[in-house]
Amino acid sequence: MSERFTGNFTQQEPIPEAGIEAALTVLRHGRLHRYNTAPGEIAETALLEQEFAQAMGADYCLAMASGGQTLATALRALEVKPGEKVLTNAFTLAPVPGAIASLGAVPAYVGVTEALTIDLDDLEVKVGDPSVRVLLLSHMRGHICDMDRLMAICDAAGVKVIEDCAHTMGARWKGTLSGRHGVFGCYSTQTYKHMNSGEGGLLISDDDEAMARAIILSGSYMLYGRHLAAPPAEVFERVKYTTPNVSARMDNLRAAILRPQVKALAQQCEAWNARYKVVEDGLRDTPGLTVIERPEAEHYVGSSIQFLLLDWPERAIGAVLERCAARGVELKWFGGAEPVAFTSRYDSWRYAPVEPMPATDRILKGIMDMRLPLTFSVEDCALIARIIRAEVAAVWQAEGAPQEI
Ligand SMILES: *Cc1c(COP(=O)(O)O)cnc(C)c1O
(Lines give C-alpha, C1' and ligand atoms only; values in the text may rest on other atoms or scores of the structure.)
Protein backbone atom coordinates (compact mmCIF):
# COMPACT_ATOMS: atom_id res chain seq x y z
CA MET A 1 0.00 0.00 0.00
CA SER A 2 1.36 3.42 -0.88
CA GLU A 3 1.41 6.07 1.85
CA ARG A 4 -1.40 8.60 2.00
CA PHE A 5 -1.52 12.02 3.66
CA THR A 6 -4.72 12.89 5.54
CA GLY A 7 -4.00 16.45 6.79
CA ASN A 8 -5.92 19.56 5.74
CA PHE A 9 -4.01 22.13 3.67
CA THR A 10 -6.31 24.97 4.70
CA GLN A 11 -6.41 24.29 8.46
CA GLN A 12 -4.53 26.96 10.40
CA GLU A 13 -3.73 26.88 14.09
CA PRO A 14 -6.26 28.11 16.65
CA ILE A 15 -6.07 31.72 17.82
CA PRO A 16 -3.72 31.96 20.84
CA GLU A 17 -5.57 31.82 24.20
CA ALA A 18 -4.45 35.39 25.01
CA GLY A 19 -6.12 36.54 21.78
CA ILE A 20 -9.34 34.68 22.63
CA GLU A 21 -9.38 36.25 26.11
CA ALA A 22 -8.76 39.73 24.71
CA ALA A 23 -11.46 39.21 22.07
CA LEU A 24 -13.97 38.17 24.76
CA THR A 25 -13.18 41.33 26.73
CA VAL A 26 -13.94 43.45 23.65
CA LEU A 27 -17.16 41.50 23.00
CA ARG A 28 -18.23 41.94 26.63
CA HIS A 29 -17.71 45.71 26.71
CA GLY A 30 -19.14 46.13 23.21
CA ARG A 31 -16.84 48.91 22.05
CA LEU A 32 -15.77 47.27 18.80
CA HIS A 33 -15.38 50.40 16.70
CA ARG A 34 -11.85 51.74 17.02
CA TYR A 35 -12.95 55.26 17.94
CA ASN A 36 -15.52 54.05 20.49
CA THR A 37 -13.47 54.24 23.69
CA ALA A 38 -14.31 54.83 27.34
CA PRO A 39 -12.63 57.82 29.06
CA GLY A 40 -8.92 57.07 29.40
CA GLU A 41 -9.18 53.85 27.37
CA ILE A 42 -6.78 53.19 24.50
CA ALA A 43 -8.33 51.14 21.69
CA GLU A 44 -6.94 47.68 20.90
CA THR A 45 -6.55 48.88 17.30
CA ALA A 46 -4.31 51.79 18.32
CA LEU A 47 -2.21 49.47 20.50
CA LEU A 48 -1.86 46.95 17.68
CA GLU A 49 -0.62 49.71 15.37
CA GLN A 50 1.92 50.83 17.93
CA GLU A 51 3.16 47.28 18.52
CA PHE A 52 3.33 46.33 14.84
CA ALA A 53 5.16 49.57 13.93
CA GLN A 54 7.68 48.76 16.63
CA ALA A 55 8.07 45.14 15.49
CA MET A 56 8.75 46.31 11.92
CA GLY A 57 10.90 49.28 12.96
CA ALA A 58 8.53 51.65 11.15
CA ASP A 59 7.51 55.14 12.30
CA TYR A 60 3.86 54.66 11.42
CA CYS A 61 1.29 51.90 11.15
CA LEU A 62 -2.38 51.79 10.16
CA ALA A 63 -4.68 48.82 10.79
CA MET A 64 -7.15 48.24 7.96
CA ALA A 65 -10.03 46.03 6.87
CA SER A 66 -8.01 43.83 4.47
CA GLY A 67 -4.68 43.41 2.76
CA GLY A 68 -6.26 44.49 -0.50
CA GLN A 69 -7.35 47.74 1.17
CA THR A 70 -3.80 48.44 2.33
CA LEU A 71 -2.65 48.16 -1.31
CA ALA A 72 -5.38 50.42 -2.69
CA THR A 73 -4.89 52.92 0.14
CA ALA A 74 -1.13 53.05 -0.44
CA LEU A 75 -1.77 53.74 -4.15
CA ARG A 76 -4.30 56.48 -3.30
CA ALA A 77 -1.96 57.99 -0.72
CA LEU A 78 0.68 58.30 -3.46
CA GLU A 79 -1.99 60.06 -5.53
CA VAL A 80 -2.14 57.54 -8.36
CA LYS A 81 -4.66 58.89 -10.86
CA PRO A 82 -7.32 57.18 -12.99
CA GLY A 83 -5.79 55.97 -16.25
CA GLU A 84 -2.29 55.98 -14.78
CA LYS A 85 -0.10 52.98 -15.55
CA VAL A 86 1.15 51.19 -12.39
CA LEU A 87 3.83 48.52 -12.69
CA THR A 88 3.26 45.24 -10.87
CA ASN A 89 4.27 41.56 -11.03
CA ALA A 90 2.86 39.25 -13.68
CA PHE A 91 3.16 36.48 -11.07
CA THR A 92 0.92 37.58 -8.21
CA LEU A 93 -2.55 37.14 -6.77
CA ALA A 94 -5.74 38.77 -8.07
CA PRO A 95 -6.08 41.43 -5.29
CA VAL A 96 -2.86 43.10 -6.46
CA PRO A 97 -3.93 44.13 -9.98
CA GLY A 98 -7.41 44.49 -8.45
CA ALA A 99 -6.16 47.21 -6.08
CA ILE A 100 -4.73 49.11 -9.06
CA ALA A 101 -7.95 48.70 -11.03
CA SER A 102 -9.99 49.91 -8.02
CA LEU A 103 -8.54 53.40 -8.60
CA GLY A 104 -9.28 53.28 -12.32
CA ALA A 105 -5.51 52.94 -12.85
CA VAL A 106 -4.04 50.37 -15.21
CA PRO A 107 -1.81 47.44 -14.17
CA ALA A 108 1.25 46.96 -16.38
CA TYR A 109 2.97 43.64 -15.77
CA VAL A 110 6.65 42.93 -15.20
CA GLY A 111 7.83 39.38 -15.89
CA VAL A 112 8.87 36.61 -13.50
CA THR A 113 12.19 34.72 -13.37
CA GLU A 114 12.94 31.08 -12.58
CA ALA A 115 13.64 32.26 -9.01
CA LEU A 116 9.92 33.28 -8.97
CA THR A 117 10.90 36.91 -8.37
CA ILE A 118 10.26 39.98 -10.49
CA ASP A 119 12.44 40.12 -13.63
CA LEU A 120 14.72 43.07 -12.92
CA ASP A 121 15.90 43.34 -16.54
CA ASP A 122 12.28 43.67 -17.65
CA LEU A 123 11.68 46.16 -14.82
CA GLU A 124 14.64 48.24 -15.95
CA VAL A 125 13.07 48.54 -19.41
CA LYS A 126 9.57 49.26 -18.11
CA VAL A 127 10.55 52.02 -15.64
CA GLY A 128 11.93 53.81 -18.71
CA ASP A 129 8.34 54.79 -19.60
CA PRO A 130 8.18 58.40 -18.31
CA SER A 131 4.50 58.03 -17.35
CA VAL A 132 5.35 55.35 -14.76
CA ARG A 133 5.53 56.73 -11.18
CA VAL A 134 4.76 53.69 -9.01
CA LEU A 135 5.72 50.01 -8.74
CA LEU A 136 3.39 47.83 -6.67
CA LEU A 137 5.90 45.08 -5.90
CA SER A 138 4.41 41.75 -4.85
CA HIS A 139 6.76 39.46 -2.93
CA MET A 140 4.62 36.68 -4.29
CA ARG A 141 4.67 33.44 -2.29
CA GLY A 142 7.44 34.92 -0.18
CA HIS A 143 10.15 35.10 -2.86
CA ILE A 144 12.22 38.26 -2.43
CA CYS A 145 14.20 39.64 -5.39
CA ASP A 146 17.55 41.42 -5.12
CA MET A 147 16.12 44.40 -3.26
CA ASP A 148 19.31 46.44 -3.56
CA ARG A 149 19.15 46.27 -7.35
CA LEU A 150 15.39 46.79 -7.43
CA MET A 151 15.60 49.94 -5.29
CA ALA A 152 18.54 51.24 -7.35
CA ILE A 153 16.51 50.80 -10.58
CA CYS A 154 13.42 52.47 -9.12
CA ASP A 155 15.31 55.29 -7.38
CA ALA A 156 17.21 56.10 -10.58
CA ALA A 157 13.91 56.31 -12.48
CA GLY A 158 12.12 58.28 -9.73
CA VAL A 159 9.63 55.40 -9.31
CA LYS A 160 8.09 54.91 -5.85
CA VAL A 161 7.80 51.39 -4.50
CA ILE A 162 4.88 49.93 -2.55
CA GLU A 163 5.66 46.47 -1.16
CA ASP A 164 2.95 43.82 -1.03
CA CYS A 165 4.20 41.71 1.89
CA ALA A 166 1.19 39.38 2.16
CA HIS A 167 3.64 36.43 2.11
CA THR A 168 6.73 38.09 3.60
CA MET A 169 5.62 39.35 7.01
CA GLY A 170 8.72 38.68 9.14
CA ALA A 171 11.01 37.94 6.15
CA ARG A 172 14.18 39.92 5.41
CA TRP A 173 16.55 40.83 2.60
CA LYS A 174 20.13 41.24 3.88
CA GLY A 175 18.77 41.82 7.36
CA THR A 176 16.24 44.49 6.36
CA LEU A 177 12.64 43.49 6.98
CA SER A 178 10.40 43.06 3.97
CA GLY A 179 8.18 46.12 3.80
CA ARG A 180 10.96 48.49 4.86
CA HIS A 181 12.46 49.18 1.44
CA GLY A 182 9.57 50.96 -0.23
CA VAL A 183 7.44 53.98 0.77
CA PHE A 184 4.78 51.61 2.10
CA GLY A 185 4.77 48.02 3.34
CA CYS A 186 1.39 46.27 3.02
CA TYR A 187 0.40 43.16 5.00
CA SER A 188 -2.68 40.96 5.13
CA THR A 189 -3.98 39.31 8.30
CA GLN A 190 -6.46 37.19 6.39
CA THR A 191 -6.67 33.59 7.65
CA TYR A 192 -4.12 32.13 5.21
CA LYS A 193 -1.35 34.63 5.96
CA HIS A 194 1.25 34.95 8.75
CA MET A 195 -1.19 36.34 11.33
CA ASN A 196 -4.86 35.42 11.38
CA SER A 197 -7.79 37.69 12.17
CA GLY A 198 -10.10 36.29 9.49
CA GLU A 199 -9.82 39.48 7.49
CA GLY A 200 -7.53 42.44 8.06
CA GLY A 201 -4.53 44.39 6.87
CA LEU A 202 -1.63 46.43 8.24
CA LEU A 203 0.07 49.30 6.43
CA ILE A 204 3.43 50.72 7.51
CA SER A 205 5.48 53.72 6.39
CA ASP A 206 7.98 56.34 7.52
CA ASP A 207 6.56 58.94 5.12
CA ASP A 208 4.70 61.67 7.09
CA GLU A 209 2.41 62.99 4.43
CA ALA A 210 1.68 59.71 2.68
CA MET A 211 0.73 58.09 6.00
CA ALA A 212 -1.40 61.06 7.08
CA ARG A 213 -3.30 60.68 3.79
CA ALA A 214 -3.61 56.92 4.31
CA ILE A 215 -5.09 57.43 7.79
CA ILE A 216 -7.68 59.92 6.50
CA LEU A 217 -8.42 57.62 3.54
CA SER A 218 -8.99 54.69 5.93
CA GLY A 219 -11.92 56.54 7.48
CA SER A 220 -10.46 58.23 10.56
CA TYR A 221 -12.88 61.16 10.29
CA MET A 222 -11.02 63.84 12.27
CA LEU A 223 -10.08 61.42 15.07
CA TYR A 224 -6.52 60.79 13.88
CA GLY A 225 -5.32 62.23 17.20
CA ARG A 226 -6.33 58.91 18.82
CA HIS A 227 -3.73 56.98 16.83
CA LEU A 228 -0.49 56.02 18.57
CA ALA A 229 1.60 55.29 15.46
CA ALA A 230 0.62 58.30 13.31
CA PRO A 231 2.43 61.42 12.02
CA PRO A 232 2.21 64.66 14.05
CA ALA A 233 -1.03 66.69 13.93
CA GLU A 234 0.47 69.45 11.75
CA VAL A 235 0.95 66.95 8.92
CA PHE A 236 -2.78 66.17 8.96
CA GLU A 237 -3.49 69.90 8.76
CA ARG A 238 -1.83 69.88 5.35
CA VAL A 239 -3.86 67.00 3.91
CA LYS A 240 -7.15 66.78 5.79
CA TYR A 241 -9.26 68.96 3.48
CA THR A 242 -8.11 67.34 0.27
CA THR A 243 -8.11 63.64 1.18
CA PRO A 244 -11.33 61.62 0.82
CA ASN A 245 -12.62 59.13 3.41
CA VAL A 246 -12.79 55.70 1.76
CA SER A 247 -13.68 53.76 4.97
CA ALA A 248 -11.59 50.62 5.41
CA ARG A 249 -10.84 50.52 9.13
CA MET A 250 -9.95 47.56 11.30
CA ASP A 251 -12.06 47.03 14.43
CA ASN A 252 -11.02 46.34 18.03
CA LEU A 253 -12.08 42.69 17.91
CA ARG A 254 -9.63 41.83 15.15
CA ALA A 255 -6.92 43.94 16.74
CA ALA A 256 -7.40 42.07 20.04
CA ILE A 257 -6.98 38.75 18.22
CA LEU A 258 -3.83 39.98 16.47
CA ARG A 259 -1.85 41.60 19.31
CA PRO A 260 -0.58 38.32 20.83
CA GLN A 261 0.26 37.10 17.31
CA VAL A 262 2.65 40.02 16.76
CA LYS A 263 4.64 38.80 19.77
CA ALA A 264 4.70 35.24 18.41
CA LEU A 265 5.65 36.14 14.84
CA ALA A 266 9.38 35.34 14.98
CA GLN A 267 8.71 31.97 16.58
CA GLN A 268 6.01 31.14 14.01
CA CYS A 269 8.40 32.02 11.17
CA GLU A 270 10.93 29.53 12.54
CA ALA A 271 8.25 26.86 12.72
CA TRP A 272 7.34 27.45 9.06
CA ASN A 273 10.95 27.28 7.99
CA ALA A 274 11.52 23.97 9.79
CA ARG A 275 8.63 22.50 7.76
CA TYR A 276 9.74 24.16 4.52
CA LYS A 277 13.25 22.73 4.84
CA VAL A 278 11.96 19.19 5.25
CA VAL A 279 9.84 19.44 2.09
CA GLU A 280 12.63 21.18 0.17
CA ASP A 281 15.20 18.54 1.17
CA GLY A 282 12.76 15.78 0.32
CA LEU A 283 12.16 17.18 -3.19
CA ARG A 284 15.75 18.03 -4.07
CA ASP A 285 17.26 15.96 -6.93
CA THR A 286 13.92 14.60 -8.09
CA PRO A 287 14.35 14.06 -11.86
CA GLY A 288 12.36 16.62 -13.86
CA LEU A 289 11.59 18.78 -10.81
CA THR A 290 13.28 22.13 -10.18
CA VAL A 291 13.62 23.23 -6.55
CA ILE A 292 13.62 27.02 -6.13
CA GLU A 293 17.04 27.71 -4.61
CA ARG A 294 16.86 30.61 -2.15
CA PRO A 295 19.65 33.21 -2.13
CA GLU A 296 21.67 33.56 1.06
CA ALA A 297 20.66 37.21 1.42
CA GLU A 298 17.01 36.16 1.63
CA HIS A 299 15.62 35.26 5.05
CA TYR A 300 12.32 33.90 3.85
CA VAL A 301 9.29 32.63 5.73
CA GLY A 302 8.38 29.23 4.30
CA SER A 303 4.62 29.35 4.85
CA SER A 304 4.20 27.82 1.40
CA ILE A 305 6.52 26.05 -1.02
CA GLN A 306 6.81 26.15 -4.81
CA PHE A 307 8.68 24.03 -7.31
CA LEU A 308 8.85 23.98 -11.09
CA LEU A 309 7.93 21.29 -13.58
CA LEU A 310 9.59 23.35 -16.26
CA ASP A 311 8.65 22.64 -19.90
CA TRP A 312 6.45 19.69 -18.93
CA PRO A 313 3.44 19.11 -21.18
CA GLU A 314 0.12 20.12 -19.59
CA ARG A 315 -1.12 16.54 -19.71
CA ALA A 316 1.83 15.37 -17.59
CA ILE A 317 1.36 18.18 -15.08
CA GLY A 318 -2.32 17.25 -14.86
CA ALA A 319 -1.30 13.68 -14.12
CA VAL A 320 1.00 14.79 -11.27
CA LEU A 321 -1.81 16.93 -9.79
CA GLU A 322 -4.25 14.02 -9.95
CA ARG A 323 -1.89 11.41 -8.59
CA CYS A 324 -0.80 13.63 -5.69
CA ALA A 325 -4.43 14.55 -4.91
CA ALA A 326 -5.34 10.84 -4.85
CA ARG A 327 -2.76 10.46 -2.07
CA GLY A 328 -4.04 13.48 -0.11
CA VAL A 329 -1.51 16.08 -1.32
CA GLU A 330 -3.17 19.20 -2.73
CA LEU A 331 -0.93 20.99 -5.19
CA LYS A 332 -1.98 24.23 -6.85
CA TRP A 333 -0.97 24.99 -10.39
CA PHE A 334 -0.45 28.54 -11.63
CA GLY A 335 -0.28 27.41 -15.25
CA GLY A 336 -3.90 26.40 -15.74
CA ALA A 337 -5.69 28.21 -18.56
CA GLU A 338 -8.75 28.82 -16.37
CA PRO A 339 -8.48 30.63 -13.00
CA VAL A 340 -9.17 28.13 -10.18
CA ALA A 341 -9.71 29.03 -6.49
CA PHE A 342 -6.88 31.38 -5.45
CA THR A 343 -4.71 30.79 -8.51
CA SER A 344 -5.16 32.94 -11.59
CA ARG A 345 -2.80 34.42 -14.16
CA TYR A 346 -2.12 37.91 -15.44
CA ASP A 347 -3.91 37.06 -18.68
CA SER A 348 -7.04 35.97 -16.83
CA TRP A 349 -7.48 39.55 -15.48
CA ARG A 350 -9.12 40.73 -18.69
CA TYR A 351 -9.93 44.23 -17.43
CA ALA A 352 -6.33 45.22 -18.16
CA PRO A 353 -4.41 45.07 -21.44
CA VAL A 354 -1.58 42.52 -21.68
CA GLU A 355 1.35 42.17 -23.99
CA PRO A 356 2.69 38.71 -24.85
CA MET A 357 5.22 37.57 -22.21
CA PRO A 358 6.56 34.24 -23.50
CA ALA A 359 9.42 33.90 -20.97
CA THR A 360 6.97 34.54 -18.12
CA ASP A 361 4.39 32.17 -19.57
CA ARG A 362 6.99 29.42 -19.62
CA ILE A 363 7.65 29.86 -15.88
CA LEU A 364 3.99 30.25 -14.90
CA LYS A 365 3.13 27.06 -16.79
CA GLY A 366 5.51 25.12 -14.56
CA ILE A 367 4.79 26.61 -11.11
CA MET A 368 3.44 24.13 -8.58
CA ASP A 369 2.42 25.56 -5.23
CA MET A 370 1.53 24.16 -1.83
CA ARG A 371 0.67 25.72 1.53
CA LEU A 372 2.42 24.52 4.66
CA PRO A 373 0.07 25.34 7.55
CA LEU A 374 1.56 25.06 11.03
CA THR A 375 -0.99 22.37 11.87
CA PHE A 376 1.30 20.04 9.83
CA SER A 377 4.06 18.33 11.80
CA VAL A 378 7.60 18.01 10.49
CA GLU A 379 6.84 14.30 9.93
CA ASP A 380 3.76 15.25 7.89
CA CYS A 381 6.03 17.39 5.73
CA ALA A 382 8.46 14.53 5.17
CA LEU A 383 5.54 12.31 4.10
CA ILE A 384 4.21 14.99 1.72
CA ALA A 385 7.65 15.29 0.11
CA ARG A 386 7.89 11.49 -0.34
CA ILE A 387 4.50 11.43 -2.05
CA ILE A 388 5.30 14.29 -4.43
CA ARG A 389 8.69 12.82 -5.22
CA ALA A 390 7.25 9.40 -6.03
CA GLU A 391 4.41 10.74 -8.20
CA VAL A 392 6.60 13.20 -10.11
CA ALA A 393 9.08 10.39 -10.76
CA ALA A 394 6.31 8.02 -11.90
CA VAL A 395 4.89 10.51 -14.40
CA TRP A 396 8.35 11.54 -15.57
CA GLN A 397 9.19 7.90 -16.30
CA ALA A 398 5.87 7.16 -17.95
CA GLU A 399 6.40 10.17 -20.21
CA GLY A 400 9.69 8.69 -21.39
CA ALA A 401 11.55 11.74 -20.17
CA PRO A 402 13.88 13.43 -20.51
CA GLN A 403 14.34 12.64 -24.22
CA GLU A 404 10.76 13.11 -25.37
CA ILE A 405 9.53 16.06 -23.30
C1 LIG B 1 -3.80 37.67 0.32
C2 LIG B 1 -3.05 38.54 -0.58
C3 LIG B 1 -3.37 39.88 -0.75
C4 LIG B 1 -4.61 40.55 -0.22
O5 LIG B 1 -4.96 40.29 1.05
P6 LIG B 1 -6.51 40.24 1.52
O7 LIG B 1 -6.36 40.47 2.99
O8 LIG B 1 -7.05 38.92 1.15
O9 LIG B 1 -7.20 41.38 0.84
C10 LIG B 1 -2.54 40.64 -1.55
N11 LIG B 1 -1.47 40.12 -2.15
C12 LIG B 1 -1.15 38.82 -2.05
C13 LIG B 1 0.05 38.31 -2.76
C14 LIG B 1 -1.93 37.99 -1.26
O15 LIG B 1 -1.62 36.70 -1.17
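Greater than 20 Å separation of Cα atoms is the criterion. Which listed pairs, LYS126/LYS193; LYS193/LYS332; LYS85/LYS174, meet it?
LYS126/LYS193; LYS85/LYS174
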Projected area averaged over orientations for the range 1-100, convex hull of C-alpha atoms, nm²
12.0
Before I look further, what does the chain give for accessible area per residue, probe 1.4 Å, in whole square angstrom?
41
Name the lysines eligible as straight-distance cross-link partners of LYS240: C-alpha to C-alpha under 21 Å, and not fewer than 8 places from it in the same chain.
LYS81
What the Cα atoms of the chain span along the principal axes, largest first and in whole Å, is 71, 52, 35
A correct Karplus calculation of ³J(HN,Hα) over the range 171-179, with 6.51 cos²θ - 1.76 cosθ + 1.60, θ = phi - 60°, whole Hz and x for Gly and Pro, returns 8, 9, 10, 6, x, 8, 4, 4, x
Nearest 10 degrees, 0 to 90: helix 252-283 Cα axis against the chain principal axis
20
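Tell me the net charge near ARG327. Cut-off is 11 Å between Cβ atoms, ARG327 excluded, with +1 for each Lys or Arg and -1 for each Asp or Glu. Don't jump to the answer; show the numbers that get you there.
Details: positive: ARG4, ARG323, ARG386; negative: GLU3, GLU322, GLU330, GLU391.
Around ARG327, the surrounding residues sum to -1.
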Contact order normalised by length for the range 265-404, with contacts defined as Cα pairs under 8 Å and 6 or more residues apart; what percent is it?
37
To the nearest 10 degrees, the tilt of helix 314-326 (Cα long axis) against the first principal axis of the alpha carbons of the chain is 80
Tensor-based shape of the range 265-404 (alpha-carbon gyration tensor, a/c under 1.5 rounded, otherwise prolate or oblate)
oblate
Could you give each residue of the range 351-356 its phi-based ³J(HN,Hα) in whole Hz, using Karplus coefficients 6.51, -1.76, 1.60 with θ = phi - 60°, and x for Gly or Pro?
7, 10, x, 10, 9, x
Which of PHE9, PRO39, SER66 sits closest to the plus end of the dipole of the chain, meaning its Cα is farthest towards the positive end, when Lys and Arg get +1 and Asp and Glu get -1 on the C-beta?
PRO39
Residues whose built amide H sits under 5 Å from the amide H of SER188, excluding neighbours closer than 5 in sequence, are ALA166, LEU202
Treating each Cα of the range 17-259 as an identical point scatterer and ignoring solvent, apply the Debye formula and state log10 I(q)/I(0) at q = 0.07, 0.14, 0.16 Å⁻¹.
-0.22, -0.86, -1.10
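Any idea what the relative contact order of the chain is, in percent, if you count C-alpha pairs under 8 Å spaced at least 6 apart? Intermediate values should be presented prior to the final figure.
Numbers: 798 pairs, mean separation 88.6, N = 405.
Once divided by the residue count of the chain, the mean separation gives 22 percent.
Which percent of the accessible area of the range 17-259 is formed by carbon and sulfur heavy atoms (probe 1.4 angstrom)?
Working: 4510 of 8650 Å².
Roughly 52 percent of what the probe reaches on the range 17-259 is carbon or sulfur.
The values are calculated or read from the model by the stated rules, or taken from the named source; none is laboratory data. As the structure is a computational prediction, the values presented were derived from the model and not from experiment. Using ideal geometry, Cβ is built from the backbone for each residue, glycine included, and neighbour counts are taken over all protein chains shown. Side chains are part of the model used for accessible areas, which takes the heavy atoms of the whole protein and leaves out ligands, DNA and RNA. Shrake-Rupley method; radii C 1.70, N 1.55, O 1.52, S 1.80 Å.
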